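Written out below as structure tokens is the structure these notes cover.
The values are calculated or read from the model by the stated rules, or taken from the named source; none is laboratory data. Model, not experiment: these values are computed from the prediction. A quick note on method: Cβ atoms are made from the backbone with ideal geometry, for glycine too, and the neighbour counts reach across all protein chains shown.
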Amino acid sequence: MKRGFLKTAKAKKTEGIGLPRVPPKGDGSLAPQPHIKLPYGKLAKTGNVASVIDFVQPNIVTARPIEGFVSKKVFGREASGDTVDYSENTIVITTLPRVDSDATQDDEPDNWTECILTGHIKLRILSTPGFPRPVEKPAGGKVNHRVGPSPFGGLGVFATRSVRTGDLIVAERPLLITPRGFQQAAGSGSKGLSKEEIIQVMSRVNHSCSPNTDHRFNMASLSFELRAVRDIKKGEELFYSYCDIYQTKSERAEELAPYGIVCVCPGCVGATKETDSLRSELAKRVGKIQVGHLVWLKDQSRPNVLAASLKLIAEIEKEGLHSAPLALLLGIVANFYSASGNTNSAMKYSDQLDNLCRASTLGRSLESNGLTVGKALI
Ligand SMILES: C[S@@+](CC[C@H](N)C(=O)[O-])C[C@H]1O[C@@H](n2cnc3c(N)ncnc32)[C@H](O)[C@@H]1O
């Protein structure tokens, strides 16, 4: 893995920050990259350009003017010891988690991230409970993914084993992340990674409007985690969505145009008036079912919403929309069966809900507190 590219002549020449190109091998997979340590710089105050040194770690590089990333209005200042109380605008360039200055990837298999961040984000990271937690590994220490040529063009990421809903496929620390990258990562929904982070495997995941994975940023381990949102077979290409999938085909096309994507995923190729309305009207339909369910819970002589929920679940699964609306419906069905005394069916749907939630922020934050969504409902 290349390190120190910020200071290479090549990086200087590129617009913004980019990884040096490593040509793919004949089969399209990534060639092994030599390890280069990030050089350590001394504070250099260059005119009105941010230049900050961070003595929390000895191996902090100096901030240098980086076109497009560092505001020329920002002034850096020296900090010492465990300082984290930088002013809001101070840009710090640092390596997280702390690693020895001569560490190699053999010493630190979880790797580390060169961070360009503001003082308050650094404080937030350092005070995240458990930081720096080890990067989570897929079950059994197995490798669940490979990078290779994709029928969608360029490279893509593929499952090397069958994985179940909620399973971790890969987790990795970005090589580099910027302040905007941190902001996006912290609030990460289902949108794609941006140019604000450089990440080896996950930036090879192609887009689909019916994605089979989702990714989240785990601040405690400073890593992106890619999880299955449905069962995935060995050999299937992995996709997440770069756009809001609850829109019509033409609305999605508009959102994808800046990525240069004319989407040919099954959800776009097979789009009809019905699938367009399923996606764009889904929130309304689920909301109506939720209200009906609450009414039934209060007065069970009223019509129940089981049939409508199961029908909508089938439509959603057929269209490949494995996300929040599906989770809500699974919860409603589990809750209905539980209130009706049908424990087996309640357990079946609450298990499905828990697995889906393992791939989502809500589920994972509950999980870290020893809770699961589905079981809480029944
Ligand atoms: C994050 S990269 C994904 C990996 C990329 N295929 C590669 O070879 O590095 C995003 C780029 O991949 C291509 N891409 C991703 N999903 C696509 C899709 N569904 N259809 C066509 N091109 C796609 C687009 O060129 C897009 O800008």
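Does TYR259 fit the bill of being crowded, with 21+ Cβ neighbours inside 10 Å and either in contact with a strand residue (DSSP E or B) (Cβ under 9 Å, 6 or more places away or on another chain) or β-branched (Val, Ile, Thr) (or both)?
No: the conditions fail for TYR259.
LEU193 passes all but one of (1) assigned to a loop (DSSP other than H, G, I, E, B); (2) surrounded by 19 or more Cβ atoms within 10 Å (Cβ to Cβ); (3) within 16 Å of the ligand (Cβ to nearest atom); (4) modelled with pLDDT of 90 or more; which number fails?
Condition (4) is where LEU193 drops out.
If I filter region 312-321 for residues that are part of a loop (DSSP other than H, G, I, E, B) and not assigned by TED's automatic domain parsing to the domain that holds ARG230, do I get at least one hit?
yes
For the subset of region 146-160 comprising residues that are under 10 Å from GLU236 (Cα atoms) and surrounded by 17 or more Cβ atoms within 10 Å (Cβ to Cβ), which member is nearest to the chain's Cα centre (by Cα)?
Of everything passing the filter in region 146-160, VAL157 is nearest to the chain's Cα centre (by Cα).
Would you point out which residue out of PRO134, PRO109 is assigned by TED's automatic domain parsing to the domain that holds PRO97 and farther than 30 Å from ILE261 by Cβ?
From the options PRO134, PRO109, the qualifying one is PRO109.
Need the failing condition index for SER309 against (1) within 16 Å of the ligand (Cβ to nearest atom); (2) among the hydroxyl-bearing types (Ser, Thr, Tyr); (3) in a helix (DSSP H, G or I), just the number.
Failed condition: (1).
Tally up the residues in region 256-298 that are assigned to a helix (DSSP H, G or I) and either under 16 Å from HIS207 (Cα atoms) or within 16 Å of the ligand (Cβ to nearest atom) (or both), please.
8
Let me spell it out: the conditions are (1) in contact with a helix residue (DSSP H, G or I) (Cβ under 8 Å, 6 or more places away or on another chain); (2) closer than 18 Å to ASN206 by Cβ; (3) modelled with pLDDT of 95 or more; (4) assigned to a loop (DSSP other than H, G, I, E, B), and ARG252 meets all of them except one. Which number is the exception?
Unmet for ARG252, out of (1) in contact with a helix residue (DSSP H, G or I) (Cβ under 8 Å, 6 or more places away or on another chain); (2) closer than 18 Å to ASN206 by Cβ; (3) modelled with pLDDT of 95 or more; (4) assigned to a loop (DSSP other than H, G, I, E, B): (4).
Sort out which residues of region 202-227 are more than 12 Å from the chain's Cα centre (by Cα) and either more than 10 Å from the ligand (Cβ to nearest atom) or not hydroxyl-bearing (Ser, Thr, Tyr) (or both), and write them in order of number.
Once the filter is applied, which keeps residues that are more than 12 Å from the chain's Cα centre (by Cα) and either more than 10 Å from the ligand (Cβ to nearest atom) or not hydroxyl-bearing (Ser, Thr, Tyr) (or both), region 202-227 yields ARG204, ASN206, HIS207, CYS209, SER210, PRO211, ASN212, ALA220, SER221.
Filter region 283-329 down to the residues that are among the hydroxyl-bearing types (Ser, Thr, Tyr) and over 26 Å from ARG358 (Cα atoms) and list them by number.
SER301
Go through region 127-176 and count every residue that is assigned to a loop (DSSP other than H, G, I, E, B) and away from the ligand (no atom under 16 Å from the Cβ).
23
Considering only residues that are in a strand (DSSP E or B) and modelled with pLDDT under 95, which ones fall in region 208-222?
ASP214, HIS215, ARG216, PHE217, ASN218
Of the residues that sit in region 233-250 and are charged (D, E, K, R) and within 16 Å of the ligand (Cβ to nearest atom), which one is farthest from LEU168 (Cα to Cα)?
Ranking the candidates gives LYS249 first.
Whether any residue in region 107-122 is within 16 Å of the ligand (Cβ to nearest atom) and more than 17 Å from TYR240 (Cα to Cα) is what I want to check.
No: region 107-122 contains no residue that is within 16 Å of the ligand (Cβ to nearest atom) and more than 17 Å from TYR240 (Cα to Cα).
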